[in-house]
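Everything on this sheet refers to the single structure shown next.
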Amino acid sequence: MYIVYAIRLCYNDMNVQLDYICTGRKKIFMEKLSCTITGHNPQRFKFKHNEQASLCIAVKTAIMEQIKTMYAKGVRVFYVGCAVGVDTWAAEAVLDLKRQTDFGDIELFCALPFPDHTEKFTDGQKKRYQEILNQCTHKEVVSRQYSPVAYKRLNYYMIDKSQYLIAVYDQDKSERSGLVQTVNYAMKNNLQIIFIHPDTAQFSEYAP
């Protein structure tokens, strides 16, 4: 516990030590391949927050299938940022798999942007979030408090730990968003990427 706390202080307070910390954390998980899962905000989807919509079910199914594909490639650790929407669906998919004998060694790492980041969640969203935290394998708060770069720091933190990325993303690079920034950073860092289109649930691959 002491080592993790020290790492948090260095990561949050001293940018100059960022590379050291990322390297240190990678050593912890070096024997296990990792994948970050992210995607559009729910408002981007045609179905918004309606998870009973056929397209939402198709997107969730695609996420599950790609997690299984990553697992078959040897990935065991899956990072999510614990936002409403894709992050939640992905976390629940990993936990569903973990209950199955064939996926018993799969791990869910919940990376939290800052304390109280769920302040604007509905009661139902908060309950769902807490259930995920109660079952995840690892969790860590990346920033001590909200700042304009808190979510960027969170996204880069997860990418720095990963070899793969699953992104529910339409690949519209004209959009200015944290998702586009995250995908660009993943490409810069030579991650293999699976894109799931939010309007069709079809997937495509990017290899550096």
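The values are calculated or read from the model by the stated rules, or taken from the named source; none is laboratory data. Since this is a predicted model, take the numbers as computed values, not measurements. Heads up, the Cβs are rebuilt from the backbone with ideal geometry, glycines too, and the neighbour counts pull from every protein chain shown.
Observations on the model:
- Checking each residue in region 102-116 for being in contact with a Ser or Thr (Cβ under 7 Å, 6 or more places away or on another chain) and either free of Cβ contacts under 8 Å to residues at least 12 places away in the same chain or over 30 Å from residue 146 (Cβ atoms) (or both) picks out no residue at all.
- In the condition set (1) assigned to a loop (DSSP other than H, G, I, E, B); (2) in contact (Cβ under 8 Å) with a residue 24 or more places away in the chain; (3) out of contact with any helix residue (DSSP H, G or I) (no Cβ under 6 Å at 6 or more places or on another chain); (4) among the basic types (Lys, Arg), residue 120 is compliant with all but (2).
- Among the residues of region 177-186, just one is exposed (fewer than 14 other Cβ atoms within 10 Å of the Cβ) and not in a loop (DSSP other than H, G, I, E, B), namely 184.
- Residue in region 156-169 that is touching a Pro at 6+ places or on another chain (Cβ under 7 Å), under 16 Å from residue 78 (Cα atoms) and surrounded by 14 or more Cβ atoms within 10 Å (Cβ to Cβ) present: yes
- The numbered conditions (1) within 19 Å of residue 193 (Cβ to Cβ); (2) crowded, with 20+ Cβ neighbours inside 10 Å; (3) out of contact with any His (no Cβ under 9 Å at 6 or more places or on another chain) are all true for residue 106 except (1).
- Flag if residue 96 is modelled with pLDDT of 85 or more, exposed (fewer than 14 other Cβ atoms within 10 Å of the Cβ), not β-branched (Val, Ile, Thr) and not in a loop (DSSP other than H, G, I, E, B): yes
- Selection count, region 49-79, where residues are crowded, with 17+ Cβ neighbours inside 10 Å and among the β-branched types (Val, Ile, Thr): 5
- Selection status of residue 96, closer than 24 Å to residue 47 by Cα, in contact (Cβ under 8 Å) with a residue 24 or more places away in the chain and charged (D, E, K, R): yes
- Considering residues of region 162-208 that are among the small types (Gly, Ala, Ser) and out of contact with any strand residue (DSSP E or B) (no Cβ under 8 Å at 6 or more places or on another chain) only, the residue modelled with the lowest pLDDT: 174
- Condition met for residue 45 (at pLDDT 95 or above and either surrounded by 15 or more Cβ atoms within 10 Å (Cβ to Cβ) or more than 21 Å from residue 171 (Cβ to Cβ) (or both)): no
- Being touching a Pro at 6+ places or on another chain (Cβ under 6 Å), among the acidic types (Asp, Glu), more than 25 Å from residue 95 (Cβ to Cβ) and in a loop (DSSP other than H, G, I, E, B) is not true of residue 199.
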